[in-house]
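First up is the structure itself, then whatever we jot down about it.
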Amino acid sequence: MKKLIALLLAGVMTMSLLTACGGSDGTNADETTTDAAGAENEADAADAEDAADTENEADAAGAENEADNADAESEADAETGEVSEALADGVLTVGTNAEFPPFEYVDDNGEPDGFDIALIKAIGEKLGVEVVVENMEFDSLVAAIGSKIDVAIAGMTVTDERKASVDFSDAYYDAVQYVIVPEGSDIASAADLSGKAIGVQMGTTGDFIASDDVEGAEVSRYNKGVDAVNDLINGRVDCVIIDKNPALVFESTFEGQVKALPGEQFEFGTEEYAIAIPKGDGALLSQVNKALEEIKADGTFDELVKQYIEN
Ligand code: GLN
């Protein structure tokens, strides 16, 4: 019952979102299509739900009321390896922000590709579901999980703030923030960052460091890391704080113009990337972690690292 109300609420929210985004550009047209599919999914999910509920009622002969039943359900999922409702439609809808090479970028055919995309497709294969990738702004991902998208993979660092809204899979990659400076810059230590104009990708851990930890910083936030680097080259910012691997990609893209400096030099701590999933979906969490484990054990993971990251 709780879930039925949640589904109805989700429906109402989708409708108000539709009303709110009722523009006429191409993006909105796409979104409408997605939402229509979402509505279908909801219907499917509702069906699956009914089936699951019937089963539960039969199983839990002694259950006192439905609220108790719903609580017991998520625990049972993790233990029995039951399939998550998010996968009931046979599709894993994955949000990413394809502006973060080598983890995600748009390939020559206009499709999202990269390490994360290949990894989540391998996970989808293990789970026996189709993977559909939705490219959106990084800053919108967490809020979209559980409604517009099932999960997000986006070189996303596990943070306590995000953990308040979503659950994270086991970590799959270690990261650290780097500082990109123009060739010849004298920025070399944490103290040198004070009072500087710093470019970051909006809503990222680089943004949090620049905004919260650097004294007197003048922070410029961009939707795309590459736009921050372009402004660095144009002299609009003094440096860019962004994750190591994209920083190294940008250093080679703009060779001779910028340098990527290791975060250790600035006393930045290590971070871990993980897949963000809806809070409380124990079944999906254990399914994703199991698939990840298998992908690591069978050598697929190392192959993807070679193909996308070490290349
Ligand atoms: N790892 C950073 C974060 O989670 C940046 C991720 C990204 O820009 N895709 O905030």
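State all residues of the range 166-192 that are outside any helix (DSSP H, G or I), farther than 20 Å from Leu87 by Cα and away from the ligand (no atom under 13 Å from the Cβ); if no residue qualifies, say none.
Step one: filter the range 166-192 for residues outside any helix (DSSP H, G or I), giving 166-189.
Those still in the list that are farther than 20 Å from Leu87 by Cα too: 171-189.
Answer for the range 166-192, where residues must be outside any helix (DSSP H, G or I), farther than 20 Å from Leu87 by Cα and away from the ligand (no atom under 13 Å from the Cβ): Val179, Ile180, Val181, Pro182, Glu183, Gly184, Ser185, Asp186, Ile187, Ala188, Ser189.
In the range 57-159, which helices (runs of 4 or more DSSP H) lie fully inside it and hold 3 or more residues that are modelled with pLDDT under 95 and more than 14 Å from the ligand (Cβ to nearest atom)? Reasoning before the result, please.
Details: elements: 66-80, 115-127, 141-144.
Where helices (runs of 4 or more DSSP H) fall fully within the range 57-159 and carry at least 3 residues being modelled with pLDDT under 95 and more than 14 Å from the ligand (Cβ to nearest atom), they are 66-80.
Would you be able to say whether some residue in the range 146-159 is free of Cβ contacts under 8 Å to residues at least 12 places away in the same chain and out of contact with any Ser or Thr (no Cβ under 8 Å at 6 or more places or on another chain)?
No, the range 146-159 contains no residue that is free of Cβ contacts under 8 Å to residues at least 12 places away in the same chain and out of contact with any Ser or Thr (no Cβ under 8 Å at 6 or more places or on another chain).
Determine whether the range 183-196 contains at least one residue that is in contact with an Asp or Glu (Cβ under 8 Å, 6 or more places away or on another chain), hydrophobic (A, V, I, L, M, F, W, C), crowded, with 17+ Cβ neighbours inside 10 Å and within 27 Å of Phe115 (Cβ to Cβ).
no
For the range 260-298, give me each residue that is surrounded by 18 or more Cβ atoms within 10 Å (Cβ to Cβ) and within 16 Å of the ligand (Cβ to nearest atom).
Ala260, Gly263, Phe266, Phe268, Glu271, Tyr273, Ala274, Ile275, Ala276, Ile277
How many residues are in contact with a strand residue (DSSP E or B) (Cβ under 8 Å, 6 or more places away or on another chain) and either among the hydroxyl-bearing types (Ser, Thr, Tyr) or without any contact (Cβ under 8 Å) to a residue 40 or more places away in the chain (or both) when one looks only at the range 88-110?
The qualifying residues number 6.
Mind checking which residues of the range 197-224 are in a helix (DSSP H, G or I), within 9 Å of the ligand (Cβ to nearest atom) and not acidic (Asp, Glu)?
The first filter runs over the range 197-224 and keeps only residues in a helix (DSSP H, G or I), leaving 205-213.
Retained after the next criterion (residues that are within 9 Å of the ligand (Cβ to nearest atom)): 205-208.
Thr205, Gly206, Phe208 - these are the residues of the range 197-224 that are in a helix (DSSP H, G or I), within 9 Å of the ligand (Cβ to nearest atom) and not acidic (Asp, Glu).
Looking only at the range 123-150, which residues are hydroxyl-bearing (Ser, Thr, Tyr) and over 11 Å from the mean Cα position of the chain (by Cα)? Outline the logic, then answer.
Here is the first cut: in the range 123-150, the ones hydroxyl-bearing (Ser, Thr, Tyr) are 140, 147.
Listed by number, the list holds a single entry, Ser147.
Only one of these is within 13 Å of the ligand (Cβ to nearest atom) and either polar (S, T, N, Q) or surrounded by fewer than 24 Cβ atoms within 10 Å (Cβ to Cβ) (or both): Asn234, Asn230, Asn245. Name it. Give the steps one after another, and end with the answer.
Values: Asn234 fails: within 13 Å of the ligand (Cβ to nearest atom); Asn230 fails: within 13 Å of the ligand (Cβ to nearest atom).
Result of the check over Asn234, Asn230, Asn245: Asn245.
The values are calculated or read from the model by the stated rules, or taken from the named source; none is laboratory data. Fair warning: this is a prediction, and the values are worked out from it, not measured in the lab. Reconstructed Cβ throughout: ideal geometry from the backbone, glycine too, with neighbour counts over all protein chains shown.
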